[in-house]
Structures are given as structure tokens and as C-alpha cells.
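**Q** Quick one: this structure, given as C-alpha cells, is what I'll be asking you about.
The values are calculated or read from the model by the stated rules, or taken from the named source; none is laboratory data. Please read all numbers here as calculations on a predicted model, not as lab measurements. Reconstructed Cβ throughout: ideal geometry from the backbone, glycine too, with neighbour counts over all protein chains shown. Side chains included, ligands, DNA and RNA excluded: accessible areas come from the protein's heavy atoms. Shrake-Rupley method; radii C 1.70, N 1.55, O 1.52, S 1.80 Å.
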Amino acid sequence: MDFTASERATLGIEWELALVDRASGDLAGRASEVIDAIGEPRCVGEFLTNTVELVTEVHRNVPGAIADLRALRNKFAAASDPIGVAAIGSGTHPFADWHVQTLMPADRYLRVVDRARDWGRQLSIWGLHVHVGIPDPEAVMPVMRAVLANLPWLLAVSASSPFWGGVDTQFASHRTMLFQQLPTGGIPPTMRDWADFERTTDAMIRSGTILDVKELRWDVRPASRFGTIEVRIADGAPSLFDVGAGAALTQCIVEEALRALDRGEEPMSLPEWAVQENKFRAARWGFDTNFIVDADGREEPARASLARRVDELLGIARDLGCEGELVSNLVIVDSTSADRQRAAMRTGSAVGVVDTLRAEFLR
């Protein structure tokens, strides 16, 4: 499989958004109308008709990508307002009924539902995907392992899906638990190098598990045609501030791993059991837990461990021009989107949660 090597640590962001009716706050399956009204090729449809995705160009730094997204967001807002539709960025909708959501008529989406039935149809969920450029395919697997070792911080800081069907699931990221039910979702299998990835995907295609590599919906995956790794761990982001924080953390983690490889060292990694447990803890409790930080099972309080990681990455962030965005993660840690949504529910209603998310989207 060819890997189109790209400029090191360059950045692309895909921001999935849920469309909501401006009057009721319920999901609105009107993506085609919105996309046609915008007339922007980087505003595209996704799995469900209630979803649009804003896609940046390739950028060298996070501020450039955020400026690009801001322009796309403003185009979206101007075009969608007359239609009576708004957008929210969240991993799940606070009260919508997944049973009545409709699919975009694309073969690859229909295949998901045909295979997974209700587990597929339940995927009324939204995420933030960050692509980071990798110059050499042999770096892909070590970098992916490093991203997985950092999974709990990437997930906890983005957690934005506490509600499902109007009920508090007691998870900070219910989206995480839903998405990993697909056999091609969740944490990827352990692969030693690029050749091992090629063998794995060849076998999956031969067995009919996937038709092509685009059907791999792992938390982090190679995107061969772009020359990137695509980090898909994060819940949907409510605002450009949250997008910037998550993108900076992701870009710095990848560059840290690449620098380790430059020195002939193995990048940060954790055993599979620890990656899986950290993922569950971040999804369940957000930052109100401990994360496992080494192969011996040593734990650190989640908030303190994020502060340590931000401090370790600050020099890289300065080099990449995203120091402010990286430090923004320390602002989010005490009030994630999941926390804010629960606070809005306590003082109002599920519709009030949607109103809060609508306001955050436009900040």
C-alpha cells in the first residue's frame, strides 16, 4: 500500500457538527439543504442526514487551521440561519431519538447499517478528527502507539457526550462506548511496522471484514492517501476554542513521537491493557479519576497528569506555534463540555443544553 508522505507535522481538521432545528432544538436531517446553500466544497455530508462536516485545508500550525475553520463556520451560520437550522458541536445530542434519524444514501454508510443493524443505526454521534503529517511510513506505527498512550488526555479533555435520549448516562463520553461496538472501530490492533499494517489490512479485505481501508474506523488510523495519521479519539467539539486545544495537544504528541524516532528512541507507549483501561476511565469519569501512566500500572490523578503532559510538550508547542492553544487544555480541564452540559441540565432542561451548545458554537 502506497503511503503519500507529507510535510512533517502539518495539520488538517475535520469538525463534525449536528444540525438542530432552531425552534425545537431537536436534530434536523437537512444536511443536503445546508450544503447546497453554503456552496462550499469543504462543507460536506457525513453518515447521517443530520450531520455536516467542516474540513480545513492543510496548515502548518493550529492558528492557521482555526482561522480556516472560523471562516467556514461563519459561512455555515450565514447560510443555515435562513433555513431555520443551527449547529452544535457535541459527541451526542442531549435528547434526540436515534431511531428516527436517517442515513445519507452512500453505499459505505448503508453497509455499516446492513452489517451492524441497530448498533450501526445508533451512531447518531459526532467527533473531531485531526490529521497530522508523517514524512515516512515507517514512523506511522510507532507514532500511533504514542497517540494511544496519550488517549486518556485526548479523550477526557474533549468529553462532550454525557446524555443519550434525555438521560444522563453517567459517562463523560457516551459516544466512545457506542462507537467502539463496531468491529472496525475502537482501539486498533497492535502492528509492529508498516509491513504489518499492510498484512493486516490485506487480510481484512480478503476476508470481507472491510472493502477498503476507508472502512477502518479506529481511534487512530493511517490515512495513506494524505500521508497522515488521523486521530479520531475526540468527541465533537463545542467551540473553536475547544477545537484549537485538542488540535494543539494532538499535533504536539505526534511531533514528540517523531522527535523520539529522530533520536533513535522508542516513542511513548503503554501495553494494550493499560490503553484500554485508560480509555474506559476517560470515557466514564473524564478527569475525575486516575490514569495509568506506565507498564507497571502506576497511576496519576488525571488533572495533574494532564498538567504534567502540557508542561512536557510546551517546548514543542513553541516550535510549532501553538503554545497558547496547548495551554488552553488547562482551562478546559476544570470545566469540560460534559461538565457544562450537565450544569445546563441541572439549571434548565435538555433544550437548554442545546441552547448552550448553540451559543458556544458561535463564540
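**Q** Taking only protein heavy atoms and a 1.4 Å probe, what accessible area per residue, in Å², does the stretch 305-348 have with all protein chains in place?
**A** Working: 1940 Å² over 44 residues.
So the stretch 305-348 comes to 44 Å² accessible per residue, rounded to a whole number.
**Q** Considering only protein heavy atoms and a probe of 1.4 Å, how much of the accessible area of the stretch 127-245 is carbon and sulfur, as a whole percent? It would help to have the intermediate numbers written out before the result.
**A** Details: 1990 of 3600 Å².
Of the solvent-accessible surface of the stretch 127-245, carbon and sulfur hold 55 percent.
**Q** Further question on the same structure: With a ≥ b ≥ c the root eigenvalues of the C-alpha gyration tensor of the stretch 231-322, is it rounded (a/c under 1.5), prolate (a/b larger than b/c) or oblate? Don't skip to the answer; put the middle values down first.
**A** Values: a/c = 1.75, a/b = 1.09, b/c = 1.61.
Oblate, since a/c reaches 1.5 and b/c is not below a/b.
**Q** What is the stretch 23-134 by shape, rounded, prolate or oblate, if you read a ≥ b ≥ c off the alpha carbon gyration tensor as root eigenvalues and call it rounded for a/c under 1.5, prolate for a/b larger than b/c, and oblate otherwise?
**A** Values: a/c = 1.89, a/b = 1.31, b/c = 1.44.
Oblate is the answer for the stretch 23-134, as a/c is 1.5 or above yet b/c matches or exceeds a/b.
**Q** When the accessible area of the stretch 1-105 is split by element with a 1.4 Å probe, what percent falls to carbon and sulfur?
**A** Carbon and sulfur atoms account for 51 percent of the accessible area of the stretch 1-105.
**Q** Let me ask something additional. What percent do you get for the relative contact order of the chain when only Cα pairs under 8 Å and 6+ apart count? Walk me through the numbers before you get to the answer.
**A** Numbers: 711 pairs, mean separation 83.1, N = 363.
About 23 percent, as a whole number.
**Q** Sticking with this structure for a sec: Arrange the peptides 68-80, 254-266, 134-146 so that the one whose residues have, on average, the most other Cβ atoms within 10 Å appears first. Don't skip to the end; give the middle numbers.
**A** Numbers: 68-80: 18.0, 254-266: 16.2, 134-146: 20.9.
For the peptides 68-80, 254-266, 134-146, the packing ranking is 134-146, 68-80, 254-266.
**Q** Right, here's the next one. Between the stretch 216-257 and the stretch 67-121, how many Å separate their Cα centres?
**A** 20 Å
**Q** Let me ask you something else. In what sequence, largest accessible area first, do F197, F241, F280 appear using a 1.4 Å probe? Could the numbers behind the result be given before it?
**A** Values: F197 0, F241 105, F280 80 Å².
The residues order as F241, F280, F197, largest area first.
**Q** Determine the calculated [θ] at 222 nm for the chain from helices alone, applying -39500 (n - 2.57) to every DSSP H run no shorter than 4 residues and normalising by the residue count; nearest 500 deg cm²/dmol.
**A** On the way: 15 runs with 166 residues, N = 363.
Theoretical 222 nm ellipticity from helices: -14000 deg cm²/dmol.
**Q** Working from the pairwise distances between different alpha carbons, so that the mean of 1/r is found and then inverted, what is the chain's Kirkwood radius in Å? Kindly include the intermediate steps, with their values, before the conclusion.
**A** Numbers: mean 1/r = 0.0490 Å⁻¹.
Result for the chain stands at 20.4 Å.
**Q** With a 1.4 Å probe and all protein chains in place, put D118, D242, D26 in order of accessible area, largest first.
**A** In descending accessible area the options line up as D118, D26, D242.
**Q** Rounded, prolate or oblate for the stretch 56-211? Axes are the square roots of the Cα gyration tensor eigenvalues, ordered a ≥ b ≥ c, and the cut-off for rounded is a/c under 1.5.
**A** On the way: a/c = 1.64, a/b = 1.22, b/c = 1.34.
Verdict is oblate for the stretch 56-211.
**Q** Moving on. If the only charges are +1 at each Lys and Arg Cβ and -1 at each Asp and Glu Cβ, what is the size of the charge dipole of the chain around the Cα centre, to the nearest 20 debye? Kindly include the intermediate steps, with their values, before the conclusion.
**A** Working: 38 positive and 52 negative charges, 131 e Å.
It comes to approximately 620 debye.
**Q** Mind ranking F361, F3 by accessible surface for me, highest first, 1.4 Å probe? Spell out each step's value before the answer.
**A** Details: F361 5, F3 25 Å².
The ranking, largest first, comes out as F3, F361.
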